[in-house]
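J.: Dropping a structure here in structure tokens format, bear with me for questions.
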Amino acid sequence: MNNFEVTRLVRFGVCGVLATGLHIGVAVALISRAGASPALANALAFVCATCWSYLANTLWSFSSSLHLRNVSRFIAVSLGGVALTGLVSYLAQAAGAGPWAGIAMVVCIVTPLTFVTHRRWTYR
């Protein structure tokens, strides 16, 4: 992997960490301040974090421009990531792994796959 790709990967990781923080912040605020249910709060937080992630990754990580084509692909990859996260989590639990091991498996499997998919499909 060359320096350009390493920079892109680091930026992708930074965007992911910030999107996670945004998700947590929005969900906590909606639950504690607005009295929203956890399910509704997390759904709205996911939308907010995904919008942020699209903008940040498009403009910064992948140095692309905002287009309907890449936003629709970004959403498809994000939803695929959610589905894969659920599957990996389920399989980890079924195999008897603890919750932290399941989280580690999700991070180690889903994150690289979404990065590669965005790089080769969303932003090609």
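J.: If you check TRP121 against the conditions, is it in the same structural domain as GLY25 (by TED's automatic domain parsing) and out of contact with any strand residue (DSSP E or B) (no Cβ under 8 Å at 6 or more places or on another chain)?
T.: Judged against the criteria, TRP121 is not a match.
J.: Name the single residue that is farthest from PHE74 (Cα to Cα) among those in segment 30-47 being more than 13 Å from the chain's Cα centre (by Cα) and touching a residue at least 12 places away in the same chain (Cβ under 8 Å).
T.: LEU30
J.: Which ones in segment 15-29 are of a type in the set (A, V, I, L, M, F, W, C), without any contact (Cβ under 8 Å) to a residue 40 or more places away in the chain and closer than 20 Å to THR114 by Cβ?
T.: VAL17, LEU18, ALA19, LEU22, ILE24
J.: I would also like to ask the following. Among the listed residues GLY25, GLY21, identify the single one that is part of a helix (DSSP H, G or I) and exposed (fewer than 13 other Cβ atoms within 10 Å of the Cβ).
T.: Among GLY25, GLY21, only GLY21 is part of a helix (DSSP H, G or I) and exposed (fewer than 13 other Cβ atoms within 10 Å of the Cβ).
J.: How many residues are assigned to a helix (DSSP H, G or I) and either loosely packed, with under 15 Cβ neighbours inside 10 Å or without any contact (Cβ under 8 Å) to a residue 24 or more places away in the chain (or both) if we restrict to segment 57-76?
T.: 8
The values are calculated or read from the model by the stated rules, or taken from the named source; none is laboratory data. Since the structure is predicted, the reported quantities are computational estimates derived from the model, not experimental observations. Note that we place each Cβ from the backbone using ideal geometry, even for glycine, and neighbour counts take in every protein chain shown.
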